[in-house]
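Chemist: Questions regarding the structure given below will be posed in turn.
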Amino acid sequence: MIHRTITRFLAAAVVLALAAPAAAQTGLVKGKVVGPDGKPVADAAITIEFVEGMSRKLTTKSDKRGEFVQLGLQSGGYRVTATADKLGSGFADVRVRVGNTAEVTITLSPVPPGADPKMAALKVAFDEGVAASRAQDYDTAIAKFQAALAAQPTCHECYYNIGFAYLQKKDEKQAEENWKKGLEQKADHAETLNALATLYNTQKRFDEAAAIGARAAASAPGGNADAIYNQGIILWNGGKIAEAKVKFEEAVKADPNHADSRFQLGMALLNEGKIPEAVASFEEYMKMAPTGQFAAQAKAMLSQLKPPVR
């Protein structure tokens, strides 16, 4: 009995002796992941990538204390990257040596590893501005988009969104001023051109609205249906019905599914006394936008214009 126990012990010792040299040929990385506030981050995705010669990538996760350990690494240089939702990512470069432990602490940041800090700041501020605008917190939205401009002064989208926020605050002067600044950065930005044309139209500055509307219509290859439609509305409001009709036809040609243009074309045809053509246009509108902004009017027109079914 004692002999067997000694034999088993000796066998185990031999196995350990054989295993020891293999373990001694590798090293390990021990690390900790913390957030921007310095607190541990659990369940962060960890990637450990060998950066010298052959490609080798290992993955793991941080535990509830934000810690992780990766064994079995050959000697050489590694990049350790940690990522967590909403907190961003971070990395550290380490050198592993046989039999030693390389220790790292990775602090997460919304700035992606290797990214231009200014561009990262622009993205963070812009995204926060969009979120504030959607929440109808327009003062915060303006402040965030202005912060984005501080990071990137040529951000035409920032000016567009600032203008939109001011318009919601009923400050048309500031809206116009910011849209003009945006066009200084990108003269053919369709959304800004359309917004400015619409503003001029509501202010009955029809000549200016038509000029800006023409620029908007030319801003997209093949024609921008929204911009062409806006041109038609501007002409219609200016009493130029025949010219407006041409624009609604052009908008339908640019986008056959542009429902509002179908409705306005029907109104122009009705104005010319072309009842069957107007009915067809209203019916097309109802197919495309049965709950659209002109649905009630289109239904009323059709009920009056179509002969009763017998």
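Chemist: Among the residues of segment 162-183, are any touching a Lys or Arg at 6+ places or on another chain (Cβ under 6 Å) and not polar (S, T, N, Q)?
Modeler: no
Chemist: Which numbered condition in (1) buried (at least 19 other Cβ atoms within 10 Å of the Cβ); (2) of a type outside the set (Val, Ile, Thr); (3) over 23 Å from Gly35 (Cβ atoms) is the only one that Arg95 fails?
Modeler: (1)
Chemist: Given the criterion part of a helix (DSSP H, G or I) and over 26 Å from Ala187 (Cβ atoms), identify the matching residue among Glu284, Glu243, Glu250.
Modeler: Glu284
Chemist: Part of a helix (DSSP H, G or I), touching a residue at least 24 places away in the same chain (Cβ under 8 Å), touching a helix residue (DSSP H, G or I) at 6+ places or on another chain (Cβ under 9 Å) and closer than 25 Å to Thr198 by Cβ: is that true of Gln293 in this structure?
Modeler: No.
Chemist: Same structure, new question: Looking at Thr291 and the list (1) modelled with pLDDT under 90; (2) of a type in the set (Val, Ile, Thr); (3) within 15 Å of Asn230 (Cβ to Cβ), which single condition is not satisfied?
Modeler: Here Thr291 meets the rest and fails (3).
Chemist: Within segment 1-60, which residues are of a type in the set (Lys, Arg) and at pLDDT 90 or above?
Modeler: Of everything in segment 1-60, those that are of a type in the set (Lys, Arg) and at pLDDT 90 or above turn out to be Lys30, Lys32, Lys39.
Chemist: Buried (at least 19 other Cβ atoms within 10 Å of the Cβ), out of contact with any Leu (no Cβ under 9 Å at 6 or more places or on another chain) and either among the acidic types (Asp, Glu) or farther than 18 Å from Gly35 by Cα (or both): does that describe Glu103?
Modeler: The answer is no for Glu103.
Chemist: If Pro256 meets every condition in (1) over 21 Å from Met301 (Cα atoms); (2) part of a helix (DSSP H, G or I) apart from one, which number is that one?
Modeler: (2)
Chemist: Tell me, yes or no, whether segment 108-121 has at least one residue that is at pLDDT 90 or above and not aliphatic (A, V, I, L, M).
Modeler: No, the conditions are met nowhere in segment 108-121.
Chemist: If the Cβ limit is 8 Å and pairs must be 6+ apart or interchain, which residue in segment 29-43 that is at positive phi pairs with which residue that is surrounded by 13 or more Cβ atoms within 10 Å (Cβ to Cβ) and β-branched (Val, Ile, Thr)?
Modeler: Gly38/Thr107
Chemist: Let me ask another. Considering only residues that are of a type in the set (Asp, Glu) and modelled with pLDDT of 90 or more, which ones fall in segment 63-107?
Modeler: Asp63, Glu67
Chemist: Considering segment 168-186 alone, what residues qualify as being more than 22 Å from the chain's Cα centre (by Cα) and hydrophobic (A, V, I, L, M, F, W, C)?
Modeler: Result: Ala175, single match.
Chemist: Separate question: Would a scan of segment 182-202 turn up a residue that is more than 30 Å from Lys123 (Cβ to Cβ) and of a type outside the set (Ser, Thr, Tyr)?
Modeler: Taking every residue of segment 182-202 in turn, at least one turns out to be more than 30 Å from Lys123 (Cβ to Cβ) and of a type outside the set (Ser, Thr, Tyr).
Chemist: Which one of the conditions (1) assigned to a strand (DSSP E or B); (2) over 27 Å from the mean Cα position of the chain (by Cα) does Ile46 fail to meet, given that it meets all the rest?
Modeler: Result: Ile46 passes all but (2).
Chemist: Tell me the helices (runs of 4 or more DSSP H) entirely within segment 120-209 that contain at least 3 residues that are among the hydrophobic types (A, V, I, L, M, F, W, C) and more than 27 Å from Trp236 (Cβ to Cβ).
Modeler: 138-151, 156-168
Chemist: Of the conditions (1) closer than 20 Å to Ala190 by Cβ; (2) over 31 Å from the mean Cα position of the chain (by Cα); (3) at pLDDT below 90; (4) surrounded by fewer than 19 Cβ atoms within 10 Å (Cβ to Cβ), Ala218 fails just one. Which one is it?
Modeler: (2)
The values are calculated or read from the model by the stated rules, or taken from the named source; none is laboratory data. What you see is a predicted model; the values in this text were computed from it and never measured. Every residue, glycine as well, gets a Cβ built from its backbone with ideal geometry; the counts of neighbours run over all protein chains shown.
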